[in-house]
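The values are calculated or read from the model by the stated rules, or taken from the named source; none is laboratory data. Source: prediction; values computed, not measured. With ideal geometry, Cβ positions are generated from the backbone for all residues, glycine too; neighbour counts draw on all protein chains shown. Only protein heavy atoms, including side chains, enter the accessible area calculation; ligands, DNA and RNA are left aside. Shrake-Rupley method; radii C 1.70, N 1.55, O 1.52, S 1.80 Å.
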Amino acid sequence: MAAEHSGEATPAPYLLEARDVSRAFPGVQALDRVRLSLRRGEVLAVVGENGAGKSTLMKILAGVERLDSGTVLLDGRPLRLGGVQEAQRLGIVLIHQELNLAENLDVAGNIFLGREPRRGGFLGLVDKRIYADAEPITRRLGLDSSPRAPVAGLSIGQQQLVEIARALSLDSRVLIMDEPTSSLTQRETDRLFDVIRDLKRGGLSVLYISHRLKEVEEIADRVVVLRDGRNAGELQHDQISHEAMVRLMVGRELKQFFRRTHVPPAGNVPPVLRVERLRLDVGTGQPISFSLRGGEIVCLAGLIGAGRSELAETLFGLRRPLSGEVFLDGRPVRVGSPAEAIAHGVFLLPEDRRSQGLVLEASVKANVTLASLQRVSRLGLINPPRERALARDLCQRLNVHTPSVDKTVGLLSGGNQQKVVLAKWLTRSPRLLIVDEPTRGVDVGAKTEIYGLMDRLAGQGTAILMISSDLEEVLGMSDRVLVMHEGRLAGELPREDLSEEAVMHLATGGGHGS
Amino acid sequence: MRKLAGIGLFLLVLYGSLLIANEGARSAENHYNLGRDIGKYGLISLGAGLLIISGGIDLSIGSVVGLSATVLVILLTEKGWSPLLAMLATLLVGCVIGLVHGVLVTKLRVQAFVMTLCGLFIYRGLARWLAGDKAMSLGRGFPAFWRDWLYRSRAVFGLPMSLVILLVIAGVAAVFLHRSVYGRYLSAIGSNERAVRYSGIATDRYKMLAYVLCSVLAAFYGILFVMETNQVQPSSDGNFLELYAIAGAVLGGCSLRGGEGTVVGILIGTAILQLLGNLVLMWGIPSALEYTVIGGALLLGAILDESLRRGEGRRARGAKEGEKEKQEEEQKDHKPA
């Protein structure tokens, strides 16, 4: 919604400005004299690695977090934000990346939560007006569900749009979006961008945080790059490019981001994994057949809900297929549990490291040795020095940055956590390593290291099946791409034929691409 | 560690205030009785604690005690079994009960709270039915040999036998929980079962083990109970024991969220609980208030623990802001296209 505070006397050059904002937390300077200025009707992207201070800055601007020193100005006037409510009243709204919806309410109920028009006196009945009021907002966002639809039944993407609708209904002047597209499909992302452009024309300003530099290139008018809590640089519209952003983010050139030293096997090498007419217990249950050779990195691409993670979970023994056969090194196997999968040399780096990969409260040491405690114990008793030595060795091999292996793993950065999950499998030599979204929420530096490790493992003959929604990564790492669509294999693309368009064509239900 | 120090200090304070209460409180006999009770209650708190650490809960402990005591008396009197065999059979009853709990919770996915709440009713009813709903006496008493050996004697340094038994079992449990692979798995399961399963560990097996340990220790308590009282009242014996067991474990630092707790802590928690009861008696506080005092102490402990945890959480978050908070948010990512 455009600002309705029209007729302001002398418009300041900037709508919202942060001057030398600092914020320290015990042990770390999260923000160090950061400057940022936002014009009216502008989309300003804020990018940086994890820990660069983006989220802290946004929280300060939205009144969630206080600042130690510095000033925030709105319309050129210094602002003392007392809290979220006050920021919202002034028209600054933060849309959290995590969804904060009441799942038991319907769309309109969520949009107006806490601000419902009431009737019936002390009964406090919610006025049905909210449905009529919600209609134009949802239509504007292209949310194709009724205001009466329960939120629980919506897709994640639709739920994200409900969050945005809620922000719009607040008559905001500044919309702060923290990774708004992380759970959207390409189509939903495109629509969101249309909405943002539309809002911009209406005079709304947007602060846009994203890890997806491609999207930043597409939508941002200007980019502010933060590094280690400081301003690392700013890019005007014509200077915005992927390389320029990465350079400022990491403070150095990232040469050979996707380094490939492994040589995929040529000719008739017998496959490590052969899947024959496997029918998953989800989706349409159409049979899937494919094979994977040692030393090959094959990517499974597709949209949300295409069945990729389910396929991975089936191969790892977490789900039962309806029918079909799986061959490992030519022998038919039935994998009934992760323990059996691991015994066959099949390892999984799960999609959600916090809920599936790590015991967050436990130490780095306990996590990396969890799957191989037998190696450092005798008669069921753990030998502490040997366990420590193993943990140190693994952390070193994977370059896990941690002050000590006794550090609680939940306190490490995302990239380091992911390396800890990977380290768990390094005590053994995997025949087949399945990695599900290996670099999600991982900073650029750690990404490179994870790619390097995958490349090394492939070089040692491990077959790697990578599930990724990051097309850059898919194109950069794969020797071959299998595209899934609605539970079936929609097509296969060899490296020579790889392009974003070809992958998306198959992923969205187009015919065979190659 | 800080938590342990805290409850340890609390225990010392309580003990100090017991010593200054009166002559009776300082007497060897009071100490002996206290030690005996700590020994008994410690057993069930240990079982409950191990289970809670693995993320489970058992509300049926008191009924299992009642049922196993009843079974033991019936086997010894009506069936005329030899004491050794009867005791083994009683432990077996506990083992089977724990196994049933474990299987239903892991395989049929019945919620542990519901499962063991049902158990609380079922075993109590079974005990009453088996005994014909009346109190049963051992008559001439438990064979002196066993009783002397297991219950009455001050075999080791004049300590009550039940305390000695507890210390031995606790020693084994400490090695099991803190030093062995299995204990590591158990507490990791309590923190994040999925991550452990994804690491290729048969989590169900360890969870079942925790249920079995808990029920077997409850059955063992039943045996000691019969030795002490020489009789059993199936409709009431063991009532509320599960609450004492859980309270001891929680006071000792086991978090009901799972994954947290130490054997030493459980012992201290049990001792605190028994000391509180004893203090009420020795300080001449109306005994009607005993439960209120215990409940109040438990509540205080819970509040302190939570504020301690929050403080730590804040510091930890602070130390890693940017990095970690961002991280947390990213985790909520769902699959993009």
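Checked against the criterion of being among the basic types (K, R), open to solvent by less than 30 Å² (accessible area, probe 1.4 Å) and at pLDDT 85 or above, the stretch A:40-56 has at least one qualifying residue. Restricting attention to the stretch A:386-413 and to residues that are hydrophobic (A, V, I, L, M, F, W, C) and in a helix (DSSP H, G or I), the residue that is surrounded by the fewest Cβ atoms within 10 Å (Cβ to Cβ) turns out to be A:A389. Scanning the stretch A:125-169 for residues that are under 21 Å from A:R187 (Cα atoms) and polar (S, T, N, Q), we see that the one that is surrounded by the fewest Cβ atoms within 10 Å (Cβ to Cβ) is A:S146.
So which residues in the stretch A:162-208 are within 17 Å of the chain's Cα centre (by Cα) and among the β-branched types (V, I, T), if there are any at all? Selection gives A:T181, A:T185, A:T189. Kindly indicate whether A:R201 is of a type outside the set (D, E), touching a Ser or Thr at 6+ places or on another chain (Cβ under 7 Å) and surrounded by fewer than 13 Cβ atoms within 10 Å (Cβ to Cβ). It is false that A:R201 is of a type outside the set (D, E), touching a Ser or Thr at 6+ places or on another chain (Cβ under 7 Å) and surrounded by fewer than 13 Cβ atoms within 10 Å (Cβ to Cβ).
Annotation: of all residues in the stretch A:302-336 being open to solvent by 30 Å² or more (accessible area, probe 1.4 Å), within 21 Å of B:A195 (Cβ to Cβ) and not hydrophobic (A, V, I, L, M, F, W, C), the one that is nearest to the other protein chains (Cβ to nearest Cβ) is A:E313. The conditions of being acidic (D, E), in contact (Cβ under 8 Å) with a residue 40 or more places away in the chain and part of a helix (DSSP H, G or I) are met by B:D204. I'd like the residue in the stretch A:86-102 that is open to solvent by 30 Å² or more (accessible area, probe 1.4 Å) and at pLDDT below 80 and, out of all such residues, is farthest from the other protein chains (Cβ to nearest Cβ). Here the residue is A:N100. Listed by first and then second residue, the pairs with beta-carbon distance under 6 Å, at least 6 apart or on different chains, first residue in the stretch A:171-194 and within 10 Å of chain B (Cβ to nearest Cβ), second among the small types (G, A, S), are A:E179/A:S210; A:L184/A:G157; A:T185/A:G157; A:T185/B:A337; A:Q186/B:A337; A:E188/A:G157.
Residues in the stretch B:68-106 that are within 29 Å of B:T203 (Cβ to Cβ) and open to solvent by less than 10 Å² (accessible area, probe 1.4 Å): B:S68, B:G94, B:G98, B:H101, B:G102, B:T106. Residue check: is B:V212 aliphatic (A, V, I, L, M), out of contact with any strand residue (DSSP E or B) (no Cβ under 6 Å at 6 or more places or on another chain) and closer than 30 Å to A:E313 by Cα? No. Of all residues in the stretch A:424-477, those satisfying the criterion of being aliphatic (A, V, I, L, M) and part of a strand (DSSP E or B) are A:L432, A:L433, A:I434, A:V435, A:A463, A:I464, A:L465, A:M466, A:I467.
Scanning the stretch A:352-384 for residues that are within 23 Å of A:Q417 (Cα to Cα) and open to solvent by 50 Å² or more (accessible area, probe 1.4 Å), we see that the one that is nearest to the other protein chains (Cβ to nearest Cβ) is A:E361. Assess whether B:G39 counts as being buried (at least 17 other Cβ atoms within 10 Å of the Cβ) and in contact (Cβ under 8 Å) with a residue 60 or more places away in the chain. When the stated conditions are applied, B:G39 passes them. Checked against the criterion of being in a loop (DSSP other than H, G, I, E, B), under 24 Å from the mean Cα position of the chain (by Cα) and among the β-branched types (V, I, T), the stretch A:352-361 has at least one qualifying residue.
Beta carbons closer than 7 Å, at least 6 apart along the sequence or on distinct chains, pair a first residue in the stretch B:274-302 that is farther than 17 Å from B:R26 by Cβ with a second that is open to solvent by 80 Å² or more (accessible area, probe 1.4 Å) and in a helix (DSSP H, G or I) for B:S287/B:L281.
Consider the stretch B:156-198 and keep the residues that are touching a residue at least 60 places away in the same chain (Cβ under 8 Å) and hydroxyl-bearing (S, T, Y). The one that is nearest to the other protein chains (Cβ to nearest Cβ) is B:S191.
So in the stretch B:199-220, with the set limited to residues that are open to solvent by 10 Å² or more (accessible area, probe 1.4 Å) and among the aromatic types (F, W, Y), which one is farthest from the other protein chains (Cβ to nearest Cβ)? Going through the qualifying residues, I end up with B:F220.
Screening A:S429 on (1) among the polar types (S, T, N, Q); (2) modelled with pLDDT of 90 or more; (3) surrounded by fewer than 24 Cβ atoms within 10 Å (Cβ to Cβ) shows it passes everything except condition (2).
The sole residue among B:R179, B:R184, B:R140 that is open to solvent by 60 Å² or more (accessible area, probe 1.4 Å), under 30 Å from A:V346 (Cα atoms) and modelled with pLDDT under 95 is B:R179.
Of all the listed residues (A:S241, A:S172, A:S182), the sole one being crowded, with 19+ Cβ neighbours inside 10 Å, in contact with an Asp or Glu (Cβ under 8 Å, 6 or more places away or on another chain) and among the small types (G, A, S) is A:S182. Of the strands (runs of 3 or more DSSP E) contained entirely in the stretch A:52-130, those carrying at least 3 residues that are within 30 Å of A:G153 (Cα to Cα) fall at A:92-95.
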